[in-house]
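The values are calculated or read from the model by the stated rules, or taken from the named source; none is laboratory data. Treat the numbers as computed from the prediction; the structure is a model and nothing was measured. Glycine also receives a Cβ, built like all others from the backbone with ideal geometry; neighbour counts cover every protein chain displayed. For the accessible areas, the whole protein counts, side chains as well, though only heavy atoms, and no ligand, DNA or RNA atoms are used. Shrake-Rupley method; radii C 1.70, N 1.55, O 1.52, S 1.80 Å.
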Amino acid sequence: MKKTGEPYANWKDDGDYDAIVIGSGIGGLAAAALLAKHDGHKVLVLEQHTKAGGFTHAYSRKDWDWDVGVHYIGQVHHEGSMLRRLFDEVGDGTLEWEPMGEVYDTVVIGGQRWEYVTGREAWRDRMHLYFPDETQAIDRYLEQVREAIGGARTFFAEKALPRAAALVAGPWMRRRFLRHSERTLGEVLDEVTENPTLKAVLAAQFGDHGLPPSKASFVIHAMIFNHYLGGAAYPVGGASRIAASIAPVIEAAGGKIVVCAEVASVVVEAGRAAGVRMVDGREIRAPLVISDVGVPNTVFHLMPEGTPGRGALRATMQSTARSASHICLYVGLDATDEELGLGRSNLWVYHSTDQDGDFARYLADPEAPLPLAYISFPSAKDPDFANRHPGKATVEVVGIAPYERFQQWEDTKWMKRGEDYEAVKDQLSRRFIEVLEREVPQIAGKIAYSELSTPLSTRHFGNYDKGEIYGLEHTPARFRERALRPKTGLKGFYLTGQDVCTAGVAGALFGAVLAASSILGRNLLGEISRK
C-alpha cells in the first residue's frame, strides 16, 4: 500500500509557502486542494502520523488491510450530488466509488432485524411494512427530518461570511436551523410515537455521531439520516485512496504533504499568524495557517496563551465537551466474502430498545451488557480488495469506550502498555467476537487474525487527547457556539474540518469548503455547483 506524503526527516524546506495546514485529515487535505486549485496557493500540509489521511487512512497486518474510519459515505455514487462534486473537485475526479446496494444499514435488536433501504419512498414503504400501525408516525418523522435539514445550508454558509456581513444576515440565516437544533433526537421521537421499538429503529444510526437520543441534537441525526437515505458507497481501493487522490492537486501548485511532522505551536508575530514551530524547534514561515486538528488540540497545543481568539475557543469548550471515544476489533478471515456469504450492509446491533438506559448502565459498569456493536464488512464493499488480498476477507466491530476506562495507561507506549492493559483488550475482544459470531454465524472458525484498538490508539495515532473521534460532541449547545467557524480571532489563522461543520468525512469535507471560502472571500460551494 503506497503511502501519501514525504517524511519530515527527508523533507527540504524550499520556502515561500502561501499557507501551512496542520493535520492531514480530509478537512486539511481538501482545504489545501481547494486553495491550490482555486487560487494557486502553494500549501504545505504537516501530519504528525506516519501516514496522511487522518481517519481516512488505512493500515495492514499480515494478509489483510483495514480502514480506520471510513465505513460508508452517502450520496457520492450519484454523480450530480454536491458531495460527489466536491470529491471530484479536490481529487480531480480520480476517486472511484462502489455502491453498497439496496440495503446499506441493518438494525438488530433481540435477534429481530430491520433494513434501511435506498431511496426515501422505498425506505418509507419498508418502514410502513415493518410497523403497519405506525405509518403516520413514520411520515411525521420524515417530515421533521425534511424541516430540520431545510435550514442547514444557510446556517453553515453564514460561518464563511465576513464578520460584518454575519452580524447583519446571521440571525436570519441561522434561525430556521437553530429552531430544530435546540431539540434532542429523543424529544422528537417522543413527539412522533410511543412505540419503543420504532424509536430504537429510527435512532439506530446515532453511532455515526456518537450520542444517544436523549443527548444528541436532532439536526445532526437528521442530517446523517438524510445523507444516507439515497444509499451509500465505498471508495474503490479502500479509504487510503482518498488522500492519494487529493495529493496530486496540492502538489500541482507546488505544495507538499509531509508526514512524521509534529507541530508544537503557531508562530504569532505582531498579532497575526506567521507560521509554525515544530517540536524540534524549527520554524516554518507562511502568512496563512490552517488547523485541522480539532478545537481542543488547537486551543491547548497550538495557540500560545494570550493569543487573540484563544479565549473564545476555550469558552466554547466549557459548554461543548469532546465527543465519544471508541474501541474497534479488526478481524481478518481466512475465506472470501463470497465463500462466507457476507453482504455489504452494516449491522447496528443493540442490546435492547432502551438505548439511553443501556448506554448509561455500560458507562457506569464495564461488566454491563454491550449497548451497541457496529459490524462492518469493508472487504465486501471494496471490489479491489480481492486483488490485494486473494482468498481473504475483513470485518470490523466498533463499540463505545469511555476514555477514563483506559486513562491509567495513557503515559505508556504503544504496543508496550503492559499485561493488565492487554488483559482488558482480550476480554473486550472476546465479547465482540461473541456478538460477531452470534450475528454472523458463518464466520465461526474462520477468524485467522484479530486486533483491538482502544481510545489510546486514537490518542497515539490521531493525537486526540481523550481519544475523541467526532470532534466536539453534537449536543444542542454545540450549534449555538459562534466560535465554531473558520475564521478565528487571530489574523491569518483559520480552522477547518468537522468542528467547523459536523462529524464524519462528509462533515469535515464541507468544513474545508467553508474554510477555503472564508479565506478567499468567495462562495466556493456555489462555484463548484455551477461547473
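Given the criteria under 27 Å from ASN346 (Cβ atoms) and either in contact with a Leu (Cβ under 8 Å, 6 or more places away or on another chain) or among the basic types (Lys, Arg) (or both), does ALA137 qualify?
Yes.
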Return the only residue of LYS199, LYS159 being crowded, with 17+ Cβ neighbours inside 10 Å, basic (Lys, Arg) and either within 30 Å of HIS351 (Cα to Cα) or modelled with pLDDT under 95 (or both).
LYS199
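Please go through the range 202-218 and give me each residue that is of a type in the set (Ser, Thr, Tyr) and buried (at least 23 other Cβ atoms within 10 Å of the Cβ), ordered by number.
The one that is of a type in the set (Ser, Thr, Tyr) and buried (at least 23 other Cβ atoms within 10 Å of the Cβ): SER217.
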Sole miss for GLY445 among (1) at pLDDT 95 or above; (2) open to solvent by 70 Å² or more (accessible area, probe 1.4 Å); (3) farther than 29 Å from GLY54 by Cβ is condition (1)
For the range 448-457, what are the residues that are in contact with a helix residue (DSSP H, G or I) (Cβ under 7 Å, 6 or more places away or on another chain) and either open to solvent by 30 Å² or more (accessible area, probe 1.4 Å) or free of Cβ contacts under 8 Å to residues at least 40 places away in the same chain (or both)?
SER450
Subset of the range 504-526 that is polar (S, T, N, Q) and part of a helix (DSSP H, G or I) - its residue that is surrounded by the most Cβ atoms within 10 Å (Cβ to Cβ)
SER517
Tally time: how many residues in the range 329-348 are β-branched (Val, Ile, Thr) and open to solvent by 10 Å² or more (accessible area, probe 1.4 Å)?
1
Going through (1) over 30 Å from ASP63 (Cβ atoms); (2) surrounded by fewer than 20 Cβ atoms within 10 Å (Cβ to Cβ); (3) in contact with a strand residue (DSSP E or B) (Cβ under 6 Å, 6 or more places away or on another chain) one by one, SER529 fails only at (3)
Could you tell me whether GLY69 is closer than 23 Å to ALA380 by Cα, in a loop (DSSP other than H, G, I, E, B), at pLDDT 95 or above and under 23 Å from the mean Cα position of the chain (by Cα)?
no
Could you list, in sequence order, the residues of the range 412-442 that are farther than 17 Å from LEU370 by Cβ, surrounded by 18 or more Cβ atoms within 10 Å (Cβ to Cβ) and hydrophobic (A, V, I, L, M, F, W, C)?
none
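Within the range 115-129, work out how many residues are in contact with a Phe, Trp or Tyr (Cβ under 7 Å, 6 or more places away or on another chain) and outside any strand (DSSP E or B).
The number of residues fulfilling the criteria is 2.
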Any residue that is surrounded by 15 or more Cβ atoms within 10 Å (Cβ to Cβ), farther than 23 Å from ASP384 by Cα and of a type in the set (S, T, N, Q) - is there at least one of those in the range 120-142?
no
Matching residues in the range 116-158 - criterion: being within 23 Å of the chain's Cα centre (by Cα) and either among the acidic types (Asp, Glu) or farther than 19 Å from ALA222 by Cβ (or both)
GLU158
Scan the range 106-114 and give yes if some residue there is of a type in the set (Phe, Trp, Tyr), touching a Phe, Trp or Tyr at 6+ places or on another chain (Cβ under 9 Å) and under 30 Å from VAL513 (Cα atoms), otherwise no.
no
Checking GLU439 against (1) among the charged types (D, E, K, R); (2) over 24 Å from HIS57 (Cβ atoms); (3) without any contact (Cβ under 8 Å) to a residue 60 or more places away in the chain, only one condition comes out false. Which one?
(3)
If you check GLY80 against the conditions, is it at positive phi and of a type outside the set (S, T, N, Q)?
no
Name every residue in the range 458-503 that is in contact (Cβ under 8 Å) with a residue 60 or more places away in the chain and outside any loop (DSSP other than H, G, I, E, B), in order of residue number.
THR458, PHE461, GLY462, LEU472, ARG478, PHE479, ARG480, LYS487, LYS491, PHE493, TYR494, LEU495
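Just the residues that are open to solvent by less than 20 Å² (accessible area, probe 1.4 Å) and without any contact (Cβ under 8 Å) to a residue 12 or more places away in the chain, please, taken from the range 349-371. Give the steps one after another, and end with the answer.
Just the residues of the range 349-371 that are open to solvent by less than 20 Å² (accessible area, probe 1.4 Å), to begin with: 349-350, 355, 357-359, 362, 368, 371.
The answer is GLY357, ALA368.
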Can you give me the number of residues within the range 63-111 that are under 25 Å from LYS446 (Cα atoms) and surrounded by fewer than 16 Cβ atoms within 10 Å (Cβ to Cβ)?
2
